[in-house]
Amino acid sequence: MSKPGSDKDGIRQIYRALVEAGYTVNQVFDGGDEPVEVSNEREAVDAVTAVDEASFNVQKDGKDVSWVFFVLGNDPEEVVNDYGTSLSHVIDSLTESWWDFSDE
């Protein structure tokens, strides 16, 4: 994938990569008292971008398996701040492609 042009682009790319790998995102933790329930890409991206930092709750086969933590406001390729190691096989290659400096 190409380097994201905005925080929303980066969050969308992560969401789509997770879904393509068989995961679901059912909640966004945005610092409030209760998580925000989400059922699709638009809801998930909107919930994350409504605050400065938030995380996806990631499920596989209906069970919580991991998380992805986002911090907004830096360069778009820095929007993914951290994630559970069980998602490395999905996220590493995507975010590493954002940091391809072979053109420089």
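Explain nothing, just the number: dipole magnitude of the chain about its Cα centre with +1 on each Lys and Arg Cβ and -1 on each Asp and Glu Cβ, in debye rounded to the nearest 20. Intermediate results must be reported in sequence, preceding the final value.
Numbers: 7 positive and 23 negative charges, 85 e Å.
Here the size comes out at about 400 debye.
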Within 12 Å, Cβ to Cβ, of Asp52, how many net charges do the neighbouring residues add up to if Lys/Arg are +1 and Asp/Glu are -1? -3
Rough spin-label spacing in nm, given labels placed 7 Å along Cα→Cβ, for Ser86 and Glu34: 2.5 nm
In terms of the charge dipole of the stretch 47-98, which places +1 on Lys and Arg and -1 on Asp and Glu at the beta carbon, the residue among Ala54, Thr95, Ser66 farthest towards the positive end is Ser66
Once you keep just the Cα pairs under 8 angstrom separated by 6 or more residues, what percentage relative contact order results for the chain? 29 percent
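How do the peptides 7-17, 62-72, 89-99 rank, highest first, by the average count of neighbouring beta carbon atoms within 10 Å per residue?
7-17, 62-72, 89-99
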Mark the label point 7 Å from the Cα of Asp61 along Cα→Cβ and return the residues of the stretch 2-27 whose backbone N is within less than 17 Å of it. 21-25
Excluding Gly22 itself, what net charge comes from residues whose Cβ is under 14 Å from its Cβ, given Lys and Arg +1 and Asp and Glu -1? +1
More than 22 angstrom apart: percent of Cα pairs within the chain: 23 percent
Charge sum, other residues only, whose C-beta stays under 12 Å from Glu37's C-beta, Lys/Arg counted +1 and Asp/Glu -1: -3
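Read-outs: derived from the displayed coordinates by stated rules, not from any lab. This one's a predicted model, so the numbers in the text were calculated from it and none came from an experiment. Cβ: placed from backbone, ideal geometry, glycine included. Neighbour counts: every protein chain shown.
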